[in-house]
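One structure is given below, encoded as structure tokens.
The values are calculated or read from the model by the stated rules, or taken from the named source; none is laboratory data. This one's a predicted model, so the numbers in the text were calculated from it and none came from an experiment. Counting neighbours? That spans all protein chains shown, and the Cβs are built from the backbone with ideal geometry, glycine included.
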Amino acid sequence: MPFTGPIEDRTAIRELMDTHAHGVMALDAELWGSIWAEDAYWELPEYPDLGGFSGKAAIVAGWVESMKYYGLDNCTKQMVYFMQPGSIEVEGDTAKAVAYTIEIFDDPGSGKRIHATGRYDDELRRIDGAWKFTRRSYRTVFAD
């Protein structure tokens, strides 16, 4: 079943996904970083220039650096980025989720405008009463 567990928890997790997307669109590192547990891991295997990051500080620093290259109009504008949940499964103080992204950015290598859809496979934990991502693994589903 793709959506299980208390609605309050699923809503809070959805809001983390929305905060991720809003942080990208606003280029707000503090807001974007607020979704992560201190011991989180962010995996980006299809982006060898980024790879993976262990720990919230490294994750946020990696994201800040990547946003210098993944934008629009020679990075004078932020990329277009939206996120939609595909599933949220809550069990006690842990959860698993899938989130799909819609992204528009200029490829840093070619300058070509890319329209992409991605998929995050997520693990989350309730920490001090708040849900945080403990692991996010991103893969591209489609890119033109």
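Of the candidates Val90, Val98, Val141, Val80, the single residue that is touching a Ser or Thr at 6+ places or on another chain (Cβ under 8 Å) and farther than 21 Å from Glu43 by Cβ is Val90.
Can Tyr81 be described as touching a helix residue (DSSP H, G or I) at 6+ places or on another chain (Cβ under 8 Å), farther than 16 Å from Thr11 by Cβ, surrounded by 14 or more Cβ atoms within 10 Å (Cβ to Cβ) and among the aromatic types (Phe, Trp, Tyr)? Yes: the conditions hold for Tyr81. Got a sec? Which of Lys96, Lys112, Lys56, Lys132 is more than 23 Å from Arg14 (Cα to Cα), of a type in the set (Lys, Arg) and either surrounded by fewer than 18 Cβ atoms within 10 Å (Cβ to Cβ) or in contact (Cβ under 8 Å) with a residue 12 or more places away in the chain (or both)? Sole residue among the options that is more than 23 Å from Arg14 (Cα to Cα), of a type in the set (Lys, Arg) and either surrounded by fewer than 18 Cβ atoms within 10 Å (Cβ to Cβ) or in contact (Cβ under 8 Å) with a residue 12 or more places away in the chain (or both): Lys112. In region 5-51, the qualifying residues are those that are within 12 Å of the chain's Cα centre (by Cα) and part of a loop (DSSP other than H, G, I, E, B), and the one that is surrounded by the most Cβ atoms within 10 Å (Cβ to Cβ) is Ile35.
So which of Asp73, Asp106 is over 16 Å from Leu16 (Cβ atoms), among the acidic types (Asp, Glu) and surrounded by 15 or more Cβ atoms within 10 Å (Cβ to Cβ)? Testing whether each residue is over 16 Å from Leu16 (Cβ atoms), among the acidic types (Asp, Glu) and surrounded by 15 or more Cβ atoms within 10 Å (Cβ to Cβ) leaves just Asp106. Please determine, by comparing only the residues of region 89-125 that are of a type in the set (Ser, Thr, Tyr) and more than 19 Å from Arg139 (Cα to Cα), which one is farthest from the chain's Cα centre (by Cα). Going through the qualifying residues, I end up with Ser110.
Of everything listed in (1) at pLDDT 95 or above; (2) out of contact with any Pro (no Cβ under 9 Å at 6 or more places or on another chain), the single unmet condition for Glu89 is (2). Of the strands (runs of 3 or more DSSP E) lying entirely inside region 87-144, those containing at least 3 residues that are under 16 Å from Gly5 (Cα atoms) and of a type outside the set (A, V, I, L, M, F, W, C) span 113-127. In this structure, Tyr120 does not satisfy being at pLDDT below 95 and crowded, with 16+ Cβ neighbours inside 10 Å. Listed by first and then second residue, the pairs linking a residue in region 5-33 that is under 18 Å from Met67 (Cβ atoms) to a residue that is of a type in the set (Ser, Thr, Tyr) and in a helix (DSSP H, G or I), with Cβ atoms under 9 Å apart and 6 or more places separating them unless they lie on different chains, are Leu31/Thr19; Trp32/Thr19. Taking Val64 as the residue in question, decide whether it is exposed (fewer than 15 other Cβ atoms within 10 Å of the Cβ) and under 14 Å from the mean Cα position of the chain (by Cα). Against the criterion (exposed (fewer than 15 other Cβ atoms within 10 Å of the Cβ) and under 14 Å from the mean Cα position of the chain (by Cα)), Val64 qualifies.
Inspection of region 61-78 identifies no residue that is at pLDDT 95 or above and touching a Pro at 6+ places or on another chain (Cβ under 7 Å).
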